[in-house]
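Below is one structure, written out as structure tokens; comments come after it.
Computed from the coordinates by the stated procedures, all read-outs in this text should not be read as laboratory data. Keep in mind it's a predicted model, so treat the numbers as computed, not measured. Cβ placement follows ideal geometry from the backbone for every residue including glycine, while neighbour counts extend to all protein chains displayed.
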Amino acid sequence: MSQQSEEMYTRILRDYLNGKSEDQLYLAQQLGKWLLSRNISPEEVIDMHGNLLRQMGDVPTFVQDSFQILTEIMIEYGNAHRSFDSWRNRHQQLQAEIAVASAMQQSLLPSSLPECPGLNLGMISIASNQMSGDFYHFVYESEGVFSVAIADITGKGIPAAMCMSMLRYAMDSLAEMKLSPGDMLRHMNSVVERNIDPCMFVTMQYGHYDTGRHSFRYATAGHEPGFLYRAREDRFFDLEGQGTALGIAAGSEYEEREIFLEPGDFLILLTDGVTERKNGRYYIQREELVSYLQEGVRLSAQEMVDHFYRRLLLLSQFEQPDDYTMIVLRRT
């Protein structure tokens with residue numbers, strides 16, 4: 001305990017015993033904060049208090065003895081405080097590391113959507129926590145053709161961010177090979193299976209959109225099915241497709257499908273954070289989701305994803321238990 005601390009404590013104690021002013025109690029609170037900021041332990045404060053009382057006059061023996069019990073008790077409080085302070089420092093360090101990882105994660109995701117003639121795109125991706133397990137990617141394959149990928153990595157936090165970086169760089173490298181959607185997923189499965197923890201896996205939907213033919217050729221690896229809207233029928237269909245999630249089984253093959261979009265048709269690619277939402281105690285069924293999507297079929301692609309997100313957020317009482325990503329590709 002420094003001499004400055006003792007002098008401050010002595011002045012406050014003497015003034016309070018002489019006048020019992022509320023001002024002195026307030027000063028004592030501020031002194032307590034000051035002592036904590038300098039890591040002064042509770043037992044040190046008690047020792048100082050006992051010494052000051054003895055300097056002021058005779059202190060009954062039983063009061064002096066009682067300070068021994070109080071000191072021993074306060075030692076445990078001091079240990080708990082030091083343990084908490086150490087934990088807080090480690091937590092602050094971890095938060096700083098997570099902030100860096102989060103910034104790196106954001107840098108891996110596209111900052112803008114492709115601009116293609118005859119096609120209107122919209123996208124929204126909201127993390128449930130600081131780090132997201134959702135991944136999406138756009139790459140121009142050739143003139144008038146671009147690829148789009150949407151994926152969901154099991155787990156969150158730093159492991160998901162590290163896995164996301166692996167997906168991004170693997171896809172960029174494989175893009176030079178001009179692979180079909182099925183072959184891309186086959187190669188990605190090999191990359192994931194060799195490089196991530198066995199308890200993790202990745203679901204993904206990957207496809208090529210040809211803006212000249214307005215066709216979408218895609219393959220699915222255990223991913224949540226999206227939707228296809230047919231303007232002529234004013235009806236939604238499931239975007240069918242199946243395949244083993246990436247990282248589960250080596251040598252998996254992936255079936256390719258192709259659909260063509262007429263003017264007004266659109267595709268919705270999404271993660272399970274969109275479909276697995278609760279309204280009260282019950283999960284919202286897929287048929288109910290379609291009814292909410294129907295409300296936005298006349299909106300632009302970006303207006304649609306924004307409207308649908310707000311609609312689900314309101315229904316789930318502003319709770320978002322999982323990462324949420326939705327992409328709309330509308331033929332104009």
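So if each residue of separation counts as 0.36 nm, and I subtract the Cα-Cα distance between Glu176 and Ser111, what length gain in nm does that give?
Once the chain is fully extended between Glu176 and Ser111, it gains 21.3 nm.
Quick one: length gained pulling Gln130 to Phe237 fully straight, 0.36 nm per residue minus the C-alpha distance?
Length gained, Gln130 through Phe237: 35.2 nm.
Connecting C-alpha atoms closer than 10 Å in a GNM of the chain, tell me which of Leu27, Leu185, Leu94 has the biggest fluctuation.
So, out of Leu27, Leu185, Leu94, the one fluctuating most is Leu27.
Report the residue, chosen from Ala80, Ala127, Ala99, that carries the largest GNM mean-square fluctuation when the chain is represented by alpha-carbon nodes joined by springs under 10 Å.
Result for the chain, Cα springs under 10 Å: Ala80 fluctuates most.
Compute the acute angle (0 to 90°) between the alpha-carbon long axis of helix 3-19 and the principal axis of greatest extent of the alpha-carbon atoms of the chain; round to the nearest 10°.
Between the helix axis and the principal axis of the chain, the angle is about 70 degrees.
Report the extension gain between His49 and Asn195 in nm, rounded to one decimal, defined as 0.36 nm multiplied by the number of residues separating them, less their alpha carbon distance.
Taking 0.36 nm per residue and subtracting the Cα distance, the gain is 46.5 nm.
Ordered by residue, what ³J(HN,Hα) values in Hz, to whole numbers, does the range 264-276 give under the Karplus form 6.51 cos²θ - 1.76 cosθ + 1.60, where θ = phi - 60° and Gly and Pro are x?
Values, residue by residue: x, 6, 8, 10, 10, 9, 8, 10, 6, x, 7, 8, 9 Hz.
List the lysines whose Cα sits under 30 Å from the Cα of Lys156, skipping any in the same chain fewer than 8 residues away.
Hits, sequence-local ones excluded: Lys278.
On C-alpha positions alone, give me the angle between the axis of helix 157-175 and the longest principal axis of the chain, in degrees, nearest 10.
Result, in degrees: 30.
With runs of 4+ DSSP H residues as the only contributors, calculate the mean residue ellipticity of the chain at 222 nm using -39,500 (n - 2.57) per run, divided by the residue total and rounded to the nearest 500.
Computed ellipticity for the chain at 222 nm equals -16000 deg cm²/dmol.
With equal scatterers on the alpha carbons only and no solvent term, can you work out the Debye log10 of I(q)/I(0) for the range 54-206 at 0.12, 0.13, 0.15, 0.19 1/Å?
Ignoring solvent entirely, the Cα scatterers give -0.65, -0.73, -0.88, -1.19.
Would you mind checking the radius of gyration and Dmax of the range 109-331 based on alpha-carbon positions, in Å?
For the range 109-331, the Cα radius of gyration and maximum Cα-Cα distance read 16.7, 49 Å.
Report the longest stretch of the chain that contains none of the GluC sites (Glu not before Pro) sitting in a DSSP loop with at most 10 other Cβ atoms within 10 Å. Don't jump to the answer; show the numbers that get you there.
Values: sites that count: Glu115, Glu143, Glu176, Glu233, Glu319.
Result, exposed sites excluded: 1-114.
Taking the Cα centre of each part, how many Å lie between the range 183-235 and the range 39-82?
68
Given R₀ = 30 Å, FRET efficiency for Trp34-Phe62 by Cβ-Cβ distance, to 0.05?
0.40
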